[in-house]
Structure formats: C-alpha cells, structure tokens
1. With the requirement that a residue be surrounded by fewer than 18 Cβ atoms within 10 Å (Cβ to Cβ) and either part of a strand (DSSP E or B) or on the phi > 0 side of the Ramachandran plot (or both), what does segment 206-261 give you?
2. Can you say whether residue 231 is of a type in the set (Lys, Arg) and modelled with pLDDT under 95, as far as the supplied structure shows?
3. Could you list, ordered by first residue, the pairs with Cβ atoms under 7 Å in which the first is in segment 155-175 and touching a residue at least 12 places away in the same chain (Cβ under 8 Å) and in a loop (DSSP other than H, G, I, E, B) and the second is β-branched (Val, Ile, Thr) and within 14 Å of ligand 1 (Cβ to nearest atom), at least 6 apart or interchain?
4. With the checklist (1) of a type outside the set (Gly, Ala, Ser); (2) closer than 14 Å to residue 146 by Cβ; (3) open to solvent by 10 Å² or more (accessible area, probe 1.4 Å) in hand, flag the one item residue 203 doesn't pass.
5. So, in segment 91-139, exactly how many residues are of a type in the set (D, E, K, R), part of a helix (DSSP H, G or I) and open to solvent by 20 Å² or more (accessible area, probe 1.4 Å)?
6. I'd like the full set of residues that are modelled with pLDDT of 95 or more and loosely packed, with under 15 Cβ neighbours inside 10 Å, limited to segment 28-38.
7. Restricting to helices (runs of 4 or more DSSP H) lying wholly in segment 318-426: which have 3 or more residues that are β-branched (Val, Ile, Thr) and surrounded by 14 or more Cβ atoms within 10 Å (Cβ to Cβ)?
8. Could you tell me which of the residues 63, 87, 51 is assigned by TED's automatic domain parsing to the domain that holds residue 241, acidic (Asp, Glu) and within 16 Å of ligand 2 (Cβ to nearest atom)?
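The values are calculated or read from the model by the stated rules, or taken from the named source; none is laboratory data. This is a predicted model, so every value here is computed, not measured. Reconstructed Cβ throughout: ideal geometry from the backbone, glycine too, with neighbour counts over all protein chains shown. Accessible surface areas use protein heavy atoms only, side chains included; no ligands, DNA or RNA. Shrake-Rupley method; radii C 1.70, N 1.55, O 1.52, S 1.80 Å.
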Amino acid sequence: MTKRNTALKSSVPPARPKRLPRYTSYPTALEFGPLDAGTHDKWLKTLPICEPVSLYFHIPFCEKLCWFCGCFTTISNKYDPVEKFLETLKQEIRQTAVKTGRLHVSHIHFGGGSPSMLKPDDFLSLMDVVAECYNLDHVNEFAIEIDPRTVDRDKINAYAKAGVNRVSLGIQDFNENTQQSINRIQPVSLIERVMTDFKDAGITKINFDLVYGLPYQTVETISQTIEQTLKFNPGRIALFGYAHVPHIKKHQALVGKHKLPEQKERQAQFDHASDMLRASGYRAIGLDHFALPDDHLFVTYDARELKRNFQGYTEDRADTLLGFGPSAISSLPDGYAQNVPMIKDYMDKISSGQSAVVRGLSIVADDKMFRDIISTLMCYFEVNPTEIAAKHNIAYDFSREISDLEKLVHAGFMMCDQGLYKITPAGKPFLRAIATVFDQYFDQSTDIIERCIHESEG
Ligand SMILES: C[S@@+](CC[C@H](N)C(=O)[O-])C[C@H]1O[C@@H](n2cnc3c(N)ncnc32)[C@H](O)[C@@H]1O
Ligand code: SF4
C-alpha cells in the first residue's frame, strides 16, 4: 500500500505547518493542486442519477468589512455588481446541470459572504433557475447564512416562500467593545427583531454563530454573551475560535492592533461557554457545535450518522456536494474540485462558457478510508482504525499511526479499549492535532505530543 505523504519521502524536511487543519474535508483543501475542467466534467457526467446531491451557493459580497473576517468575500456598497454576478451564477448552474442531468437534491446551503445581501426578487429568481435545473421535491434542509444587519421582513418572507427552513445568524459576540474592535456593531435589539421576523415567517430552525478569542473577550464577557444567547434559545450554536491569519487576510491586522487573548485564555473562554451551554440543556457536538435535544443535529449524532463538510458538522448524508460561485468547493465520489476564487476570473470563465474549476484533487480508496477515520474522530472523539479499514476492504498497516496513538495514551490524551481509541477529557483540546496522526499528507516529522502542545489551533 503506497502512502501519499510526500513530505516523509523528501530529503529536505518541509517547513512545519503553522496551523492545524480543521478537517472539514480530507484530504484538506491545502492539498489541492491544478485540476483540469475535463476531469471535473467526467466526474459530473458519471454521477448516479438516482442518488440525491447537496447544493452549495457561494455569494461573495458583503456591505461592510468585518475586520475579523476569514471568508471569501468582497465589499460592495453598490448592488449592480451583485446583479451581474447573479446572472453569471445562474449560467453556471445551467451549465453544470447539462452535465449532471436533473438530479434530486436533499440539502441546499447558501453561504458567503452574505447571501442576505440579495434582494427578495433576486433570491426567488435564482431559486427558479435552481428548480428548473434540479429536482427540489424532497429537500430535507434548505439553509442560509444571514448577516442580521442586512436582512428585513421582505427578504425573510422570500426565504420562507422559497422553502428555506434553517438560518444561521452571524452573532459573533454581544459585547460592545468586542463588536467595535471587529467593526461589527449589532445591538441585541436588532437580533430580537430579526428573531421575531423569522419566527413570524415560520422559519424556526435557528443557528447562532459565536466567536471566542476576539479582542476584549474574557471569561466574564463570554458568560454574558452566552447568557444573552440562552434567552434567544437557538436550536444550534457554533462556537468558533477566532482564526487570526493577517498574513492571508490583511484586514485582520486591524484586529491585531488590539490585544488578543492568549491560548490559555482562549481555552478558558471555550470551556466556560461550553459548561454554561451544557448546563442549560445543550449537548456538545464535535469540535465546536452545540445542539438542543430537539435539533436534528443531535438526533443525527445519536444515530452515529454525523458527518463533517465545508460548513462544519452536518446531518446531510448525500455523497455529492455541488458547489457554485467563486471559491466554492464540490465534493464528488471521485474527488474535490474548487472554483477560481476571484469574482472577475469566475465571471470571465463562466461567461465564455468554460468551467470555473481550477483546483482540486482526485481521491483514491485509501483517501476514502482515512477520510472516514478522521471524520469519525472529529465527530465522536474516538476511532477504531482497524474496524474502519475492514469496512473499506483495505488491509492497511497502521503501525506508525498506532505507535502515535499509544504515545497519546501514555500522555493521558487517549485511552484504548480493544482497538477503540477514545480521546480523554485531557486530550479534547488537541482533537485537531490528534486527527493529524491519520493525515497521510501532513508532515509527521514533529513528535505527536509536541504537536498537541505547541501547534496553534487558529
Ligand atoms: C460567512 S459568515 C456568515 C454570514 C454573514 N456573512 C455574517 O457574518 O453574519 C460565517 C461565519 O464564519 C465565522 N467567521 C468568519 N471569520 C472568522 C474567523 N476569522 N475566525 C473564526 N470564525 C470566523 C463567523 O462566525 C461568521 O458568522
Ligand atoms: S463576517 Fe460575514 S458579514 Fe462580515 S465580512 Fe465576513 S462574510 Fe461579510
């Protein structure tokens, strides 16, 4: 069995990675290389017509820049570029559907950027094109990411009319100093109004996105934000650690001007928030999610059907995700394919009838097995690698991986019961580092214990 860790074979050790992957996919997007559109087209044309797929639409526009933002987005005070972009997006949807046929859809997700920037009629007209190209008769979940500052009653009514049944509200933090430091002011009264409008429109599945590790956040301010959050009773909460990467996202230097909480303080903020949420009936799910018992994520978790995708944790069971829009990633049975990130390049390619795919990776049987292993660890904090290999019909020699797991057992970060390796409470903060044990593309030259303790989780 050939290992794909080229780093191990190289005579020059590669630079040690600064950040650990979040494993929203495996192999991660860091491993993507040039991918020709012909390969992607072949993957699309061989999708089984009877299998449902998920659709992701990336809307790369926001009205105002949040200085902490790590997403692919562009600031536009004018609506003209958004209108032009939407026409191109419709063209991409039609071009792709010619290759896939009119597949059934189980999940739809609008992300960005801020999909809530779209005018109600534009959103509905986009959905008309989606419905013309794909069969939307059995959509389980239709979710959209909302910047509460850009949504109003007319937009919310349009979402309800289109069938949206879940919204993620970008809350981040209720603390005023923190909001100012990230250039994102949104008072509690705004969230109250938006929550009421969604409920009035019959959209009751609400997620809150919260962020810890931002300027001026302390355990005390986080407690206040969680207390305020609990009053709104969202079914699902994502509690993200602030990823500070000013070398990639230059505007984050404006956040870096303030003092950022150290790693120990960040962990204390997360632990405290997690304790408060769990004491109030939420269940912790994976790395950073919390759900109430009546939320479907909780049910999926219990049924051991939870999966990881580019949006984080999901109940979506489709094997194929088709991504549309600049930077969007598609996950297909044969591999990953990512669209060009710049809006102009995307528009040029699609308008001239070409595919927007530029990067990606074809995946082999070993990758699928390791994806299953890493996803199980990321979702359930435990894994039996041999059992998963047997499920994939692969006779794999895990001696290197087991030797690392045994070191983790010795350090008290894991325990082992008849081949099942479980992460202990002491090891939970190192979930991402522990998952790297199975990442065949990750530079394994640093000792696993050192990796746990020293690698940043940004
Ligand atoms: C695309 S945004 C959501 C929609 C909308 N644009 C908004 O901000 O309300 C998705 C979420 O990613 C999270 N996020 C963005 N940048 C981040 C960063 N640098 N570190 C951690 N989380 C981040 C925020 O919680 C944000 O709400
Ligand atoms: S956090 Fe959301 S609203 Fe703010 S710039 Fe990023 S994508 Fe736009």
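1. Listed by number, the list holds a single entry, 233.
2. no
3. Hits for this filter: 164/144; 173/211; 173/225; 174/225; 175/225.
4. Tallying (1) of a type outside the set (Gly, Ala, Ser); (2) closer than 14 Å to residue 146 by Cβ; (3) open to solvent by 10 Å² or more (accessible area, probe 1.4 Å), residue 203 fails exactly one: (3).
5. Of the residues in segment 91-139, 6 are of a type in the set (D, E, K, R), part of a helix (DSSP H, G or I) and open to solvent by 20 Å² or more (accessible area, probe 1.4 Å).
6. 33, 34 - these are the residues of segment 28-38 that are modelled with pLDDT of 95 or more and loosely packed, with under 15 Cβ neighbours inside 10 Å.
7. Output list reads 365-380.
8. 63
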